[in-house]
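Quick notes on the structure that follows.
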Amino acid sequence: MRAIISVSDKSNVTNFAKGLEELGFELFSTGGTKKSLVEAGVLIHGISDVTNFPEILDGRVKTLHPAVHGGLLARRDLPAHMAELSKNNISPIDLVAVNLYPFVQTVSMDGVSLQEALENIDIGGPTMIRASAKNFPSVIVIVDPSDYEPVLSMLKNGGVDLTERKRLAQKAFQHVAAYDTAISQYLHQDMTGFPDVLTISLKKRYDLRYGENPHQKAAFYAEQNVAKCDSGITWAKQLWGKELSYNNILDAEAAWTAASDFADPTVAIIKHTNPCGLASHCDIDEAYRRAFSGDTVSAYGGIVACNSTINLKMAKEMEPTFYEIVIAPGFDDDALAELQKKKNLRIMQVTPDNAGSKDYLSYRRVRGGMLVQQADTLSEDNLELKTVTKRAPSATEIEDLRFAWRAAKHIKSNAIVLVKDRTLLGMGCGQPNRAVSVFLSKIKAGEKSKGAVLASDAFFPFADGIVQAADGGISAIIQPGGSIRDEDCIKAADEHNITMVFTGIRHFLH
């Protein structure tokens, strides 16, 4: 029996090689792998002993040879194939352990040149993997070091059956597909527009107990992308509490996205992916108190996200209310100890991510297809407010209008947001009629709506929403504008001494 071992990730490879050697395998390798195994005392030959040809072009060509690929691709059940091997003095190869040049790790480093990136595109490795996986009934292919011990155990106990060989082959093809996807992503980074063919590489983080409902199976995957670091909710570190559920992850993502979208210390409280509480303040504990005051009933069982370190004061403020999860980039030691008194609370530490990058793509699954768009990450610098009413907003109103506008992008359409002192007072969302959303936001805010500002994620198609806002004592409105009835809306605002600004931009979130 013969095996080729050529790995970039050398985890446990020495023990694996020694195990194969004990089983009577004749071992062959290349470059650095051969050197490390020889130093470990493994009897191993160079790949040139198979090809009778030297490695050339600085190692670019070493395994690309009929003596290698003939030995991998020949079907053992076809006498003609075996006769052809014999005729050409080619011996079958029974096992291949290969993992690839660290392309993603290389291009993720700062200052990497195009030439360095190209040199880390593996050619011989993927070719051997594909050839072995194509012929998996005859060749065992291993791309993951975690499979070394199970394969050795099977070989010691009678061999690797067809089911396991097929599993390893599937894993091998997926490994190469993910590798090629990363290369394609890297080469596309400086290009404009969306590619005609798009592949997305996902790696499973863990299985979930179930999906949105108990009868649905579910798992959580991380996108493998050369443009992103391991950050955000996907790579959050869980410091405390039981495992996360499908719905927990959806709500955690909504909470962290909302809180981290603001520059000042901000707290978001989320229920069913919508903020029921949201506030900014220079003191994070005060930001929490204000966020909680926005909807003390809905906060129960919600998820709290904070864009700055949580201190003991905030942790103590949270104590009376049951929350599923609390999320922050950091926790003071005494705050963490306080939060850990709650056995049912999950605590997650999140590294701020690059969601504001223009390269960040948002995906939405539809049956049989995928919608792809840039994330809604327009910065404050791009927001130009145009006053369209007789009365211009005051400095305080402008501050609240900007806060409300940013808050609206995190609430499901049709979104209406009422804000005062950078605190969410009430919101209406998910309604097919914008006027209904205004009505619901007023009910939630109650008397606090007087003197508040209102944000609408899209234009008002009729003046009825403006009139309702006036009935609630709203002092200022921010909306995109662009309706054929804008003049009716402006007239209604002027009649009620409401200042109104247009953004020219909308924030739909379906």
ALA392 being assigned to a loop (DSSP other than H, G, I, E, B) and outside the structural domain of ASP261 (by TED's automatic domain parsing): yes
Residue ID - surrounded by the most Cβ atoms within 10 Å (Cβ to Cβ), chosen from residues in the stretch 115-139 that are among the acidic types (Asp, Glu) and not in a loop (DSSP other than H, G, I, E, B): GLU119
Some residue of the stretch 326-336 being surrounded by fewer than 23 Cβ atoms within 10 Å (Cβ to Cβ), touching a residue at least 60 places away in the same chain (Cβ under 8 Å) and either over 21 Å from LEU425 (Cβ atoms) or in contact with a His (Cβ under 8 Å, 6 or more places away or on another chain) (or both): yes
Odd one out for GLU447, checked against (1) touching a residue at least 12 places away in the same chain (Cβ under 8 Å); (2) assigned to a helix (DSSP H, G or I): (1)
Selected residue (criterion: nearest to MET370 (Cα to Cα)) from residues of the stretch 185-208 that are assigned to a helix (DSSP H, G or I) and within 18 Å of the chain's Cα centre (by Cα): GLN185
Members of the stretch 245-273 found to be surrounded by 23 or more Cβ atoms within 10 Å (Cβ to Cβ) and either out of contact with any Gly (no Cβ under 9 Å at 6 or more places or on another chain) or in a strand (DSSP E or B) (or both), listed by number: ALA252, ALA254, ALA258, ALA259, THR266, VAL267, ALA268, ILE269, ILE270
Identity of the residue in the stretch 67-114, in a helix (DSSP H, G or I) and in contact with a Phe, Trp or Tyr (Cβ under 7 Å, 6 or more places away or on another chain), that ends up nearest to ILE4 (Cα to Cα): PHE103
Candidate set: the stretch 1-11, residues that are in a strand (DSSP E or B) and not charged (D, E, K, R); chosen: the one nearest to the chain's Cα centre (by Cα): VAL7
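Results for (1) surrounded by fewer than 15 Cβ atoms within 10 Å (Cβ to Cβ); (2) touching a residue at least 12 places away in the same chain (Cβ under 8 Å); (3) hydrophobic (A, V, I, L, M, F, W, C), shown as yes or no for each residue.
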residue	(1), (2), (3)
VAL141	no, yes, yes
ASP144	yes, yes, no
TYR148	no, yes, no
LEU162	yes, yes, yes
ARG167	yes, no, no
HIS175	no, yes, no
ALA182	no, yes, yes
HIS188	no, no, no
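For (1) at negative phi; (2) surrounded by 14 or more Cβ atoms within 10 Å (Cβ to Cβ), each residue gets a yes or a no:
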position: GLY301; (1), (2): no, no
position: GLU324; (1), (2): yes, yes
position: GLU338; (1), (2): yes, yes
position: ASN344; (1), (2): yes, no
position: ALA375; (1), (2): yes, yes
position: SER379; (1), (2): yes, no
position: LYS386; (1), (2): yes, no
Test set (1) in a loop (DSSP other than H, G, I, E, B); (2) closer than 25 Å to SER6 by Cα; (3) within 19 Å of the chain's Cα centre (by Cα); (4) not basic (Lys, Arg) - GLY211 fails condition number: (2)
Hits in the stretch 12-52 (condition: at pLDDT below 90, farther than 22 Å from ILE121 by Cβ and in a loop (DSSP other than H, G, I, E, B)): ASN52
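The values are calculated or read from the model by the stated rules, or taken from the named source; none is laboratory data. Note that the structure is predicted; figures quoted are calculated from it, not measured. Virtual Cβ from ideal backbone geometry, glycine too; neighbours counted across all protein chains shown.
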